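In what follows, a structure is listed as structure tokens, so that the remarks can point back to it.
Rule-based calculations on the coordinates, nothing more; no lab input. It should be emphasised that the depicted structure is a prediction, and the values quoted were computed from it without experimental measurement. Note that each Cβ is placed from the backbone with ideal geometry, even for glycine, and that neighbours are counted across all protein chains shown.
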Amino acid sequence: MKVKRFDFNFKPLQMDISLATQGSVPDKQNYDADADEYTPDYTLTPLIIQPAINRLDKDEILTPGSVNQNLANIRWYEIINGTRTQILSENTNYEMTLSGGNAGRIKVKKNAQPQIPITLEFYAEYTDTRTNQIIVIQRTYQIRCTNATTYQPVLILDTPDQTIYNPLKDQAVQVIHASLRVGESECPAANRIFVWEKFRDDNTWTVIGTDTSLDYDVTVSNDTASLTINRSLMGDDLYIRCRAKYSKSGNPASVSLTAASPERITSFKRRIPKFEYEIAGIPTNIPAGILKIAPEAKVWDVNGAIANFDAVLMPIWYSATNRASGSLTFNQVGHGKNPTLPTKAMDDVLGGVFGLEIIDCGPACAWEDRDGYLIEDGDGYLLLI
């Protein structure tokens, strides 16, 4: 018996993970020592935190969308002053939802101590049904309480917590400006320093510039008050944390960053919305003796035609000899928006077929060899592909 083996090579699932509050109760508290009151008081009106776990299958086998209902081994941990404790069902300070569309939701029914934040760590597992691979999901969420009897600096970024970057339409360069407010006034520049950090592949935050070879997509201004991001170089996503060193006496360089330091986290995700494409520029009938044709690929989305799509998307062209019956055998004959394609596959009687496929070239990333070393040119600059 002769056999032929077919193996499936699935692309990794793209998981979009976020933790966000539900309802009108904010995740930051104020404590008035004079009145001994919390605003808001979570013992009266709980804080609700909802994980949102979404999948995107680039092979288009699994439908995109929420997979909260498919999560397993859901757990929450409470971290206070470095002590990590699992939250069990009998803990009356919390209420967890472990199944259904809101799986992972937690209600917080306790107040944080002033200047001592509560860090909640979410853990769950999701099984990729195509490969039976278990994907571990972990994220942290911090609840802070400030002392309302004195003004505490508040860090503000002029960008949302999450930004979707569409490389077909959006500008690649974005500048984020940081602001530190003390009460209703802007903190003087002499009293603060902003520290910008990236979330690395080893699941740690490190200061931008620590690894200069891999920080080619971000630049911190000389006064540390802004960060410039080239989103076309960031890969599939980028997580940025900004923290502030504040000194009322005007010596912020002497201040050490702690869990109580003002901070904001923002993320950027590369995502190309659904688009359509077609073949243009080919006549209905190709005259005999024509050796080449020059078709054109056209791409559009809900907003209309996309002019320079080939900077991000790659048109791949195929041709096949037509047959009276049976399946056709396509071979790649060209690529690009306006290629010149040979007609040699066309049969003198039955004709031929030309095909077009549009693929995402993907984000530009650093190039490394099989040993994990980054490849540079003769001037020491990284090569991106």
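Rounded, prolate or oblate: which fits the chain, taking a ≥ b ≥ c as square roots of the Cα gyration tensor eigenvalues, rounded meaning a/c under 1.5, else prolate when a/b beats b/c? Prolate shape, in that a/c is at least 1.5 and a/b is the bigger ratio. Per residue, the convex hull spanned by the Cα atoms of the stretch 315-385 measures out at 147 cubic angstrom.
In the distance distribution for the stretch 151-271, Cα-Cα pairs more than 24 Å apart total 27 percent.
Spatially close Lys pairs in the stretch 9-149, defined by Cα atoms under 28 Å apart and a spacing of eight or more places or different chains, total 4.
Entry note, the chain: relative contact order of 11 percent, from Cα contacts under 8 Å with a spacing of 6+ residues. Taken along the Cα-to-beta-carbon direction at a fixed 7 Å, the label points for Ser221 and Lys58 span 3.5 nm. GNM remark for the chain: springs join alpha carbons under 10 Å apart, and the peak mean-square fluctuation among Thr63, Thr39, Thr219 falls on Thr63. What separates the Cα centres of the stretch 50-87 and the stretch 313-385 is a distance of 37 Å. Each part reduced to its alpha carbon centroid, the stretch 10-44 and the stretch 296-312 end up 41 Å apart. The label point for Leu291 and the one for Met1, both projected 7 Å from the Cα toward the Cβ, are 5.1 nm apart. With a Förster radius of 41 Å applied to the beta-carbon distance between Ser261 and Lys11, the computed FRET efficiency rounds to 0.55. Residues considered: Ala72, Ala178, Ala112. Largest GNM mean-square fluctuation over the chain, using C-alpha springs under 10 Å, is found at Ala72. Build a GNM of the chain with springs between Cα atoms under 10 Å apart, and of Val175, Val67, Val349 the one that fluctuates most is Val349. For Leu44 and Ser99, a Förster radius of 22 Å and the Cβ-Cβ distance give a FRET efficiency of 0.20, rounded to the nearest 0.05. Under 17 Å of direct C-alpha separation, and excluding same-chain neighbours fewer than eight residues apart, Lys298 reaches these aspartates and glutamates: Glu276, Glu278, Asp310, Glu357, Asp360.
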